[in-house]
Amino acid sequence: MSKLNEQIISGFQHKPDGEVFFTDAIEQEGHSHAKSVYEHFMSQSYAPLEIVSDKNALEEINAAKEHLDAFNNFLIIGTGGSSLGGKMLCGLSKNNLASLNFIENTDFDTIEQVIKDSDPKKTAIIAISKSGETAETLSVFSIFYQWLQSYVGESAYKQCLIITEDKTSSLKTIAAQEGIYTLNHHLEIGGRYSVFSNVGLLPALLSGLNIDQILMGAEKCLNEFKSEANNHILQGALYNFLFLKHHQKTSTVMLYYADRLNYLGLWFRQLWAESIGKSGKGSNPVPALGTVDQHSQLQLWLDGPKDKIFTVITLDQKQKGQAIHFSDCPEKINYLEGKTIGDLMDAEQRAITQVLKENNCPVREIRLPHLDEETMGGLLMQFMIETILMADFLDVNPFDQPAVEQGKILTKQYLS
Ligand code: PA5
């Protein structure tokens, strides 16, 4: 067990019966490969990670929030990396200062419903697209912009904000034509790595989160990794790689025991899938929410093909929350009487972690004493670094997504 920020982490464990997953030769080769991967990482500068120390970036985010202060309903239009980071962070907020609606899909039913539920006078639209050319985002934005114009007239542009790259694009042209308040999308930061930029932090700020603390947690994690004070991130990537290569563990499950982490898995799924799934290589990211997925996927994990490794993120929940009480408690559920809902969650997360291990599933545990902005910042940085390292182990470029272009070209042809 080691510590990162306040997390307590165990690496992927060996089989409980004393058998090991890897021979000494594989371990040795793995560690020398890991050494070169680490050295390569240290020789680069990664803008999506380094941005956490850029305090100037916060000023423009705070100014943008002020620009939107008159509104309490935000429609955030974007897709993939232009939405998942912000959505995930907003899922952490307990404050709910405003209503934030992420419109990621081109589903007319959803759009109609959002229009029905929104008061145009209280609504602001935030459109996010790095390229400024994404058909889904531009189309959805056009519909909501027309809707706003039909109620508030020419001043509709004042209720909008656009985040896009500072270069010629369709969205940039629209922003200029309409006079819409615009923030620049960082040129060296790709969508799925943009959570620590204005793309993730503006929605987070609007939802009432302390974004300085998110960055603080992330920066601490990055510094610890760089100073080698903690090498569990490198170990995480190494064992993902070794289990894939030598044991055909083609899925990596992320199981977390907190509703507020629900979107973490969706964010991670995109990060991992788009970053490492190329040239015939990669592993399948599987998000899972405890306890819900114990009643959904657990049977497969324990009794189906042994092709998965597990990262279990638990939260200290013992004695937290309301008490369970029945005035005349049936005997069968007597074990619940007087316990808190947190006690139940605590027992469940411990039990499932143990059961997975006893069934020879490689498990890594990340125990969070509490869940706040700083912890979240650290977790996100950790998974971003791990993804970049895993791509290096597999010798693929973590920052491109060449295969998705094919679908875009064909969609365009069908509409032309
Ligand atoms: O991570 C990525 O690069 C993608 O998922 C993009 O974020 C997504 O395709 C949206 O692109 P854009 O921000 O250019 O609209």
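Read-outs throughout are calculated quantities, based only on the coordinates presented, and are distinct from any laboratory measurement. Remember, predicted model here, so these are calculated numbers, not experimental data. Cβ: placed from backbone, ideal geometry, glycine included. Neighbour counts: every protein chain shown.
Tell me the relative contact order for the chain as a rounded percent, counting alpha carbon contacts under 8 Å between residues six or more apart.
Relative contact order, the chain: 22 percent.
Skipping prolines and chain starts, which residues have an amide H placed within reach, meaning under 5 Å, of the one on residue 103, given they are 5 or more residues away or on another chain?
Here 76, 77, 78 satisfy the definition.
Treating only the Cβ of Lys, Arg, Asp and Glu as charged (+1, +1, -1, -1), what charge dipole size does segment 134-258 show about its Cα centre? Round to the nearest 20 debye.
The calculated dipole for segment 134-258 is roughly 380 debye.
How much of the DSSP beta bridge set in the chain is antiparallel, as a percent to the nearest 5?
That works out to approximately 15 percent antiparallel.
Per-residue counts of other Cβ atoms within 10 Å, averaged by peptide: what ranking do you get for 37-49, 126-138, highest first?
Descending packing order for the listed peptides: 126-138, 37-49.
Please give the charge dipole size of the chain, origin at the Cα centre, charges +1 on K and R Cβ atoms and -1 on D and E Cβ atoms. Round to the nearest 20 debye.
Dipole about the Cα centre, nearest 20: 300 debye.
If I take every Cα pair under 8 Å that is 6 or more residues apart in segment 137-295, average their sequence separation and divide by the length, what percent do I get for the relative contact order?
Relative contact order of segment 137-295: 14 percent.
Take each complete run of DSSP H in the chain, measure how far its Cα atoms stretch along the helix's own axis, and keep only those covering 18 Å or more with mean Kyte-Doolittle hydropathy at least -1.0; list them.
Length and hydropathy pass: 24-43, 135-152, 211-226, 232-247, 262-276, 341-358, 373-394.
From the square roots a ≥ b ≥ c of the eigenvalues of the alpha-carbon gyration tensor of segment 49-209, which class results: rounded (a/c under 1.5), prolate (a/b over b/c), or oblate?
It is rounded, given that a/c, with a ≥ b ≥ c, falls under 1.5.
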